[in-house]
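Each remark here refers to the structure printed beneath this line.
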Amino acid sequence: MALLPLLLAACCSLLFTIASPARDITSTACASQISDFPHRNSSGLHLTLHHPQSPCSPAPLPSDLPFSTVLTHDDARVAHLASRLAATDNNNNAPSSRARRPTSLQNKKQAADSLASVPLMPGMSIGVGNYVTQLGLGTPATTYAMVVDTGSSLTWLQCSPCLVSCHRQAGTLYDPSASSTYASVPCSASQCGELQAATLNPSACSASNVCVYQASYGDSSFSVGYLSKDTVSFGSTRFPDFYYGCGQDNEGLFGRSAGLIGLARNKLSLLSQLAPALGGDAFSYCLPTSASTGYLSIGSSYSPGQYSYTPMASSSLDASLYFVGLSGMSVAGAPLAVSPSEYSSLPTIIDSGTVITRLPTAVYTALSKAVAAAMSGTQRAPAYSILDTCFDGQASQLRVPAVAMAFAGGASLKLATRNVLIDVDDSTTCLAFAPTDSTAIIGNTQQQTFSVVYDVAQSRIGFAAGGCS
Ligand SMILES: *[C@@H]1O[C@H](CO)[C@@H](O)[C@H](O)[C@H]1NC(C)=O
């Protein structure tokens, strides 16, 4: 449990850090010819999606970021997702604690426009594994680099005057006073009441009656600020009265993104807010490699024929996450040597921001053995961080067996080499899976270059090969 200090506007406005408009010149140039241009047509809204380390990203991570750092953050994210599934039961039994407001805000007159002082849930690390797109906000609109996250609901971005803290971001900082359509949201608004479900932290109320949100992501990553509404835009398509967080204390967001777009299943998520205007509760994406370009499409008229589907399961453990049923795996066409019941022995979510897929330990052990046996002609390398099945060489140069994942209802992911092995340095590649005893997660290395549709309205998730360009 982290405890946020009481944040006083009066004291802290002198301390805010200035977001720099400067951008790193990355060593690898962006070679993509695809214009990063959002557009809307009859099938919905279409945005460009970038790998977090792509030189074409509007806020690329440093190209020399050690992969071990990525894995450390990945483990923190997984621990946070697992803790949410473990903790929500207690919250359900104590509804009164959800409505609790931090008394320090109500009692202290001098906290004239303070933010919050409440314990936060352990959170997750954001930005390292999350893909990046652009979003416009305000009137006139300014464009911001934002990470996209299916594991959280509230959209927020760093917000002037950064009462407590903003990190350096690519491009200019959002300034609500420069937007003619900005409004803060009062504590009595229904959207303020929805924050508990959206952020899993209680909302707070400033002395000037503005609703305060607290989004936490672990590894001490969090954003705290004012719940606000403004016009959100993608290219020339504008949506008025979009609810989001105007972040005054933003810590732990990795890289130079301005904030986060939440796509989890909750009323405050961007998906739910835009769905009525876009004709339905569905989105699809292709998560690209660092050398390709992907997309995020929002709207229900995707081409349904190309996908194989699995039911979108929900769980009382956390209603905002996307659960699926893993039903089997094979290596070189042979089912793993594990009891079929092991595949469903843990709750399984699909997540855009987890890098390495986590499997129930028995399934992982059988997968590791089968892949190692199929690659017995390749020199083994020592374990690397959380990855214990490693080989000398680079994935693209090795003979790798076909690996397939099957889901309830018949959907399957026939993984390509890049979805099976991940290069951890210049001379080592590892099986991009890890064992877990708490929550199984279908991560983004395995989803890369597939089209994945999340059809909330029809409660199904679909996979199709070959979605990125
Ligand atoms: C809309 O745009 C997307 C993305 O460019 C494209 O794939 C799709 O075919 C278009 N749909 C229609 C109906 O024009």
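Nothing in this text is a laboratory measurement; each read-out follows from the coordinates by a stated rule. Predicted, not measured: the structure shown is a model, and the values here were computed from it. Methodologically, a virtual Cβ is constructed for each residue, glycine included, from the backbone with ideal geometry; neighbour enumeration extends over all protein chains shown.
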Taking neighbour counts of Cβ atoms within 10 Å as a proxy for exposure, in what order, fewest first, do 376, 438, 284 appear? 376, 438, 284
FRET efficiency for residue 361 and residue 31, Cβ-Cβ distance as r, R0 = 35 Å, nearest 0.05? 0.30
Express in whole angstrom the spacing between the alpha-carbon centres of segment 286-330 and segment 406-453. 13 Å
For segment 305-464, compute the orientation-averaged projected area of the C-alpha convex hull (one quarter of its surface), in nm². 9.3 nm²
Neighbouring Cβ atoms within 10 Å as the yardstick, rank 238, 256, 399 fewest first. 399, 238, 256
So the FRET efficiency between residue 64 and residue 337, C-beta based with R0 = 51 Å and rounded to 0.05, is 0.80
Residues whose built amide H sits under 5 Å from the amide H of residue 266, excluding neighbours closer than 5 in sequence, are 272
Let's see if you can work this out: charge +1 on each Lys and Arg Cβ, -1 on each Asp and Glu Cβ, no other charges. What is the dipole magnitude of segment 399-469 about its Cα centre, in debye to the nearest 20? 300 debye
In whole angstrom, and with the biggest value first, how far do the Cα coordinates of segment 356-438 range along each principal axis? 39, 25, 20
Under a point spin-label approximation (7 Å from Cα along Cα-to-Cβ), what is the residue 209-residue 237 distance to one decimal in nm? 3.7 nm
Determine, for 241, 64, 249, the number of other Cβ atoms within 10 Å of each Cβ, and report the residues in order from fewest to most. 64, 241, 249
